[in-house]
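What follows is a set of notes on a single structure, which appears directly below.
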Amino acid sequence: MRFPLFDERGPLAAHEFEALRSLNAAFLAARDEWQTACTMGDRLYRGSEAADLRTAPTAFSFYEEAIGQIADGVTAYQRRAALVAWRYTAAALVLGVAVLRRVGEAKPALTVTGVEELCQEPTLGQLKEALTIPGAGLTPERPPQAALPGEREDPARRWAMVRDGVDGVMDLVLALAAEEEAAHPRTKEEAATCLLTQHCPPHAAPTYNGVLEPLFRLAEEVPYDISRVINRG
């Protein structure tokens with residue numbers, strides 16, 4: 001699944017379409033880089049495990065040194081790619097839901113300024129709010145032959161699970177701030193105003209763990225949901 005075709009004479013404004021398509025391309029590229037980095041990290045980890053199994057003493061440990069040096073760079077790149085992916089995936093979902101909702105309710109197109117604002121990284125609270133709007137409920141039910149590969153769960157349940165995951169990210173951001181005795185955030189409400197990319201320090205476990213991958217899936221689905229609503233109308 002990449003990006004659906006839209007009729008230029010349809011209800012989607014040109015700036016809405018271009019923004020959705022650009023964000024889609026951005027997060028897919030970042031996702032691919034992150035997945036590649038994860039694969040490289042796994043391979044290097046297996047290599048380091050193999051080195052640990054060596055029992056014969058040796059005065060030379062260049063293999064272990066090389067693996068360790070490369071792994072450090074891969075880990076940093078993996079974290080960077082994940083944060084870039086989060087920024088564009090979250091924006092793609094928030095903008096997509098806004099367009100989906102306005103098309104489903106037959107409202108006028110979003111303004112250029114409004115679209116530009118929605119293309120920025122959303123706060124955790126904005127992302128949770130977008131996930132609270134039942135995107136699946138705005139679209140006609142997919143016929144069995146049109147179901148997405150691997151789709152087993154009820155769409156509303158999947159949206160709710162990701163929403164709960166984002167709520168959990170807020171808790172992690174709050175706990176991390178308390179651990180570091182930071183002045184902000186101090187409350188859940190303040191955590192909702194945070195950007196994840198600014199609250200995922202390299203010395204801590206990634207706050208996006210468990211949420212990023214399902215977020216990819218929803219963000220990739222939304223343009224197709226918009227297309228189905230347009231075709232239904």
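Worth a mention:
- Pairs, first within 15 Å of L93 (Cα to Cα) and modelled with pLDDT of 95 or more in segment 143-168, second surrounded by 10 or more Cβ atoms within 10 Å (Cβ to Cβ) and hydroxyl-bearing (S, T, Y), C-beta under 8 Å, six or more apart: R163/T132
- Unmet criterion (only one of (1) out of contact with any helix residue (DSSP H, G or I) (no Cβ under 9 Å at 6 or more places or on another chain); (2) modelled with pLDDT of 90 or more) for A177: (1)
- Selection within segment 163-187 - hydrophobic (A, V, I, L, M, F, W, C), open to solvent by less than 40 Å² (accessible area, probe 1.4 Å) and not in a helix (DSSP H, G or I): A182
- Taken over segment 205-226, the criterion of being of a type outside the set (K, R) and open to solvent by 20 Å² or more (accessible area, probe 1.4 Å) is satisfied by A205, P206, N209, G210, E213, P214, Y224.
- Single residue of segment 74-115 satisfying the filter (under 14 Å from I133 (Cα atoms) and either among the aromatic types (F, W, Y) or in contact with a Ser or Thr (Cβ under 8 Å, 6 or more places away or on another chain) (or both)) that is modelled with the lowest pLDDT: G104
- Under the condition of being modelled with pLDDT of 95 or more and in contact with a Phe, Trp or Tyr (Cβ under 8 Å, 6 or more places away or on another chain), the residues counted in segment 180-207 number 2.
The values are calculated or read from the model by the stated rules, or taken from the named source; none is laboratory data. Values in this document were obtained by computation on a predicted structure and should not be read as measured data. Note: ideal-geometry Cβ built from the backbone for every residue, glycine included; neighbour counts use all protein chains shown. The protein model used for the area step is the full one, side chains on, heavy atoms only, and it has no ligands, DNA or RNA in it. Shrake-Rupley method; radii C 1.70, N 1.55, O 1.52, S 1.80 Å.
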